[in-house]
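Since the structure comes first, as structure tokens, the remarks are kept for the end.
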Amino acid sequence: MTTVRIPLLALALLFSVQGFAATAAQTAQQEKMKTCNADATAKTLKGDERKAFMSKCLSAGGDVKATTAQQEKMKTCNADATKKALKGDERKAYMSTCLKK
């Protein structure tokens with residue numbers, strides 16, 4: 001009876017590890033989607049231009065440094081816009097200019 005339990009336990013462990021890896025990959029993809037979407041919004045891209053940007057951004061092969069730099073720039077510009085109490089179109093214009101620097 002013990003010989004049956006060991007393979008079943010090993011099989012259960014294998015499936016749980018595979019499930020964890022799949023979940024981690026999904027989470028990474030979701031984060032990438034959020035980042036690309038935020039970048040496209042910050043650049044006020046619309047229509048085909050936005051689709052092209054999203055496609056390129058999502059297919060980018062692990063350009064973590066560029067993404068991190070863009071995220072830091074986004075945080076800095078957002079904080080500056082908040083300090084200046086910018087709202088609406090004025091904030092969008094400021095963010096666009098700030099992110100292009």
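The values are calculated or read from the model by the stated rules, or taken from the named source; none is laboratory data. Everything numeric in this text was worked out from a predicted model, so none of it was measured. Note: accessible area is taken over every heavy atom of the protein model, side chains too, but ligands, DNA and RNA are not part of it. Shrake-Rupley method; radii C 1.70, N 1.55, O 1.52, S 1.80 Å.
Values as computed for the structure displayed
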read-out: Under the Karplus curve 6.51 cos²θ - 1.76 cosθ + 1.60, θ = phi - 60°, whole-Hz ³J(HN,Hα) for the stretch 45-54, x wherever Gly or Pro sits; value: 7, 9, x, 4, 5, 5, 4, 5, 4, 4
read-out: Accessible-area order (highest first, 1.4 angstrom probe) of the listed residues MET54, MET33; value: MET33, MET54
read-out: Hits among lysines - C-alpha to C-alpha of LYS84 under 27 Å, sequence gap 8 or more where chains match; value: LYS34, LYS43, LYS46, LYS73, LYS75, LYS92, LYS100, LYS101
